[in-house]
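Trainee: Have a look at this one before I ask anything.
The values are calculated or read from the model by the stated rules, or taken from the named source; none is laboratory data. Model, not experiment: these values are computed from the prediction. Neighbour counts are summed over all protein chains in view; Cβ atoms, including those assigned to glycine, are modelled from backbone coordinates with ideal geometry.
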Amino acid sequence: MRHTLTDLARCLWGDEYGPTPACDAPWQHEESYFTELLTFAGPDEILAMLRTLCPHVVDGYLPVWVRNLAHRLLLLQCPDDPALLREAANSLYSHGPDWDDIAEELTGRADALEA
């Protein structure tokens, strides 16, 4: 059985809103395997994971590095989507000031696209 990106994230880090699925192939449930799947996932699968496991941006158990990488990969695939730019910016703002300059840049890009 092929697990979704969301299933694998649940197995690795848990889910604030739902149960952890049964792991029938424990070798798949390593951060390196998850990172490989995330790297080559399409935008729909990445969005499904983010919106299922972190529906309110600041919640959920996904590590910050996973959220940041997911948004980065999403924006590489959909660079001209103002809503996704803003969603990524909001996520960066919510995790401390280290990425505020990047969040401001993303917000500026979204504003320019909408103008």
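Trainee: Which condition breaks for residue 94 when tested against (1) surrounded by 12 or more Cβ atoms within 10 Å (Cβ to Cβ); (2) at pLDDT 95 or above?
Mentor: Condition (2) is where residue 94 drops out.
Trainee: Which residue pairs have Cβ atoms under 6 Å apart, sit 6 or more places apart or on different chains, and have a first residue in segment 33-46 that is in a loop (DSSP other than H, G, I, E, B) and a second that is surrounded by 19 or more Cβ atoms within 10 Å (Cβ to Cβ)?
Mentor: 41/5
Trainee: I want to confirm something. Restricting to segment 12-52 and keeping residues that are small (Gly, Ala, Ser) and at pLDDT 90 or above, which single residue is nearest to the chain's Cα centre (by Cα)?
Mentor: If we filter segment 12-52 for residues that are small (Gly, Ala, Ser), which is where we start, we get 14, 18, 22, 25, 32, 41-42, 48.
From what's left, at pLDDT 90 or above: 32, 41-42, 48.
Working: 32: 16, 41: 11, 42: 12, 48: 9 Å.
In this case the residue turns out to be 48.
Trainee: Hey, any hits in segment 1-23 for a residue that's over 27 Å from residue 113 (Cα atoms), without any contact (Cβ under 8 Å) to a residue 24 or more places away in the chain, part of a helix (DSSP H, G or I) and in contact with a Ser or Thr (Cβ under 8 Å, 6 or more places away or on another chain)?
Mentor: There is at least one residue in segment 1-23 that is over 27 Å from residue 113 (Cα atoms), without any contact (Cβ under 8 Å) to a residue 24 or more places away in the chain, part of a helix (DSSP H, G or I) and in contact with a Ser or Thr (Cβ under 8 Å, 6 or more places away or on another chain).
Trainee: Can you confirm whether residue 76 is free of Cβ contacts under 8 Å to residues at least 60 places away in the same chain and buried (at least 17 other Cβ atoms within 10 Å of the Cβ)?
Mentor: Numbers: free of Cβ contacts under 8 Å to residues at least 60 places away in the same chain: yes; buried (at least 17 other Cβ atoms within 10 Å of the Cβ): no.
Considered against the rule, which asks whether it is free of Cβ contacts under 8 Å to residues at least 60 places away in the same chain and buried (at least 17 other Cβ atoms within 10 Å of the Cβ), residue 76 comes out as no.
Trainee: Hey, residue 79 hits all of (1) assigned to a helix (DSSP H, G or I); (2) at pLDDT 95 or above but one; which does it fall short on?
Mentor: For residue 79, the exception is condition (1).
Trainee: Given the structure, is residue 55 farther than 26 Å from residue 4 by Cα and at pLDDT below 95?
Mentor: It is false that residue 55 is farther than 26 Å from residue 4 by Cα and at pLDDT below 95.
Trainee: Could you list, in sequence order, all residues of segment 53-84 that are of a type in the set (Gly, Ala, Ser) and either at positive phi or within 9 Å of the chain's Cα centre (by Cα) (or both)?
Mentor: 60, 70
Trainee: Only residues that are in a helix (DSSP H, G or I), under 15 Å from residue 65 (Cα atoms) and touching a residue at least 24 places away in the same chain (Cβ under 8 Å): list them for segment 91-111, please.
Mentor: Within segment 91-111, 91, 92, 94, 99 meet the criteria.
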